[in-house]
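> Sharing a structure, written as structure tokens. Questions coming.
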Amino acid sequence: MNEAKDVTEIRDVVIAGSGVAGLSAAVYAARADLEPLVLEGPEPGGQLTLTTDVENFLGFHEGVGGMELIQRGKEQAESFGAEFTHGTIEDATLDGRPFELELANGDVLRTRALIVATGASARWVGAENEDELMGYGLSTCATCDGAFHRGDDVLVIGGGDSAMEEALFLTKFADSVTVVHRRDELRASEVMANRALEHDDVEFQWNTELLEIHGSQETGVTGATLISHPDGLPKKKLDDGEDVERERVDVGGIFYGVGHVPNTDFLEGTPVELADSGHLETLEGMTTETSVAGVFGAGDVMDPDYRQAITSAGTGSMAALDAEEWLEKQVDEGTQELLAEASD
Ligand code: NAP
């Protein structure tokens, strides 16, 4: 067994997360000579590594692959001196200084400033058997698993841009793609919604939710039980004791595209304020500062609204600039204190 390292070195900045927000923070912090350490987290590169083409990132009018954008960002950050390491924060002590971060492998890191860019992870819908079948025909990532479903009938759950993107991507492999949405109106942007609605190989099942997934780890997904209600939100109607229509369908794959939850578990029990949704709260105004001085938030972990690659890059750069300014202030205040002590 590996011995846990108690790393006594105190870093200026640790950046938790290596998605577009973490990488942008790393570029800025490295260029400011802060020698940031980037903890890559359980999903190195974050959500962009799971997406196909990004068509709305400024400067790439013909689109750029999500993975390529991330790889280029990492190379850029490394070229300025950012250090990357595998690591996920399990526990954080943020009420003393320096901050202490305990990683999943037992290592302990110390840092003066922390940039939280841990992003968000795919939400699950709570259907029966999802725990057993995730990875066995049930997936949260069409770009990762779509190719396993050549010739299958598949369902995509959700009505946002992610679900539309997954559905369109899956038409390359699946025999049929049905989007199952709990209301009769899509949440997706107009351009994505129209692309899916106008696609000959994408069907829609409105006012419908996934109740149960059928199959086993041996057979993979073989089917699903769907429930519908003409007024939408059938699961809620069922919970309220109303009648819903049930239908069993045979499918070989199910893809969740129902949004994401912020990765802030390690901040619970620390003085960093979290919103009810779990998002990191930042202070009022245009800042990435949080309720704990020296802790900054960037990207999807602090942004429930915009959640775009370009806005994550923006808040990442802001967090590094805010951290740099804060660290300089600490040095100035320390110098003032020493001068005051010397003159006493
Ligand atoms: P989202 O916009 O929050 O949409 C989530 C969808 O899942 C909604 O339609 C929601 O239904 C449904 N949903 C949520 N929980 C559910 C549950 N338990 N059971 C059934 N359905 C459920 O999330 P997103 O699609 O991941 O998009 C997030 C952000 O990323 C957006 O800003 C989007 O524009 C952006 N994005 C952009 C692109 C692109 O431009 N290529 C691709 C992907 C994502 P309701 O509508 O009823 O709430």
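> Does any residue of the range 212-230 turn out to be at pLDDT 95 or above, within 12 Å of the ligand (Cβ to nearest atom) and out of contact with any Lys or Arg (no Cβ under 8 Å at 6 or more places or on another chain)?
Checking the range 212-230: not a single residue is at pLDDT 95 or above, within 12 Å of the ligand (Cβ to nearest atom) and out of contact with any Lys or Arg (no Cβ under 8 Å at 6 or more places or on another chain).
> Of the residues GLY146, GLY160, GLY126, GLY119, which single one is under 30 Å from ILE10 (Cα atoms) and within 16 Å of the ligand (Cβ to nearest atom)?
Exactly one of GLY146, GLY160, GLY126, GLY119 is under 30 Å from ILE10 (Cα atoms) and within 16 Å of the ligand (Cβ to nearest atom), namely GLY119.
> Of the conditions (1) within 16 Å of the ligand (Cβ to nearest atom); (2) over 17 Å from ARG123 (Cα atoms); (3) buried (at least 16 other Cβ atoms within 10 Å of the Cβ), THR282 clears all except one; give me its number.
Here THR282 clears every test but (1).
> Please go through (1) at pLDDT 95 or above; (2) open to solvent by 60 Å² or more (accessible area, probe 1.4 Å); (3) under 21 Å from GLY96 (Cβ atoms) for GLU245 and return the number of the only condition it doesn't satisfy.
Failed condition: (3).
> Going through the range 139-151 one residue at a time, which ones are touching an Asp or Glu at 6+ places or on another chain (Cβ under 6 Å) and under 21 Å from GLU218 (Cβ atoms)?
Initially, the range 139-151 is screened for residues touching an Asp or Glu at 6+ places or on another chain (Cβ under 6 Å), giving 139, 142, 151.
Within the range 139-151, SER139, GLY151 qualify.
> Could you list all residues from the range 134-150 that are touching a residue at least 60 places away in the same chain (Cβ under 8 Å) and either assigned to a loop (DSSP other than H, G, I, E, B) or assigned by TED's automatic domain parsing to the domain that holds SER277 (or both)?
TYR136, GLY137, THR140, CYS141
> Among the listed residues GLY252, GLY259, identify the single one that is over 22 Å from ASP300 (Cβ atoms) and touching a residue at least 24 places away in the same chain (Cβ under 8 Å). Step through it out loud before you land on a result.
Numbers: GLY259 fails: over 22 Å from ASP300 (Cβ atoms).
Sole residue among the options that is over 22 Å from ASP300 (Cβ atoms) and touching a residue at least 24 places away in the same chain (Cβ under 8 Å): GLY252.
> Name every residue in the range 153-169 that is in contact with an Asp or Glu (Cβ under 6 Å, 6 or more places away or on another chain) and surrounded by fewer than 24 Cβ atoms within 10 Å (Cβ to Cβ), in order of residue number. Break it down into steps so the answer makes sense when it comes.
Taking the range 153-169 as the starting set, the residues that turn out to be in contact with an Asp or Glu (Cβ under 6 Å, 6 or more places away or on another chain) are 153, 156.
Across the range 153-169, the qualifying residue is only ASP153.
The values are calculated or read from the model by the stated rules, or taken from the named source; none is laboratory data. Predicted model, so just to flag it, every value in this text is computed and none were measured. So basically every Cβ, Gly included, is an ideal-geometry build from the backbone, and we count neighbours across all protein chains shown. For the accessible areas, the whole protein counts, side chains as well, though only heavy atoms, and no ligand, DNA or RNA atoms are used. Shrake-Rupley method; radii C 1.70, N 1.55, O 1.52, S 1.80 Å.
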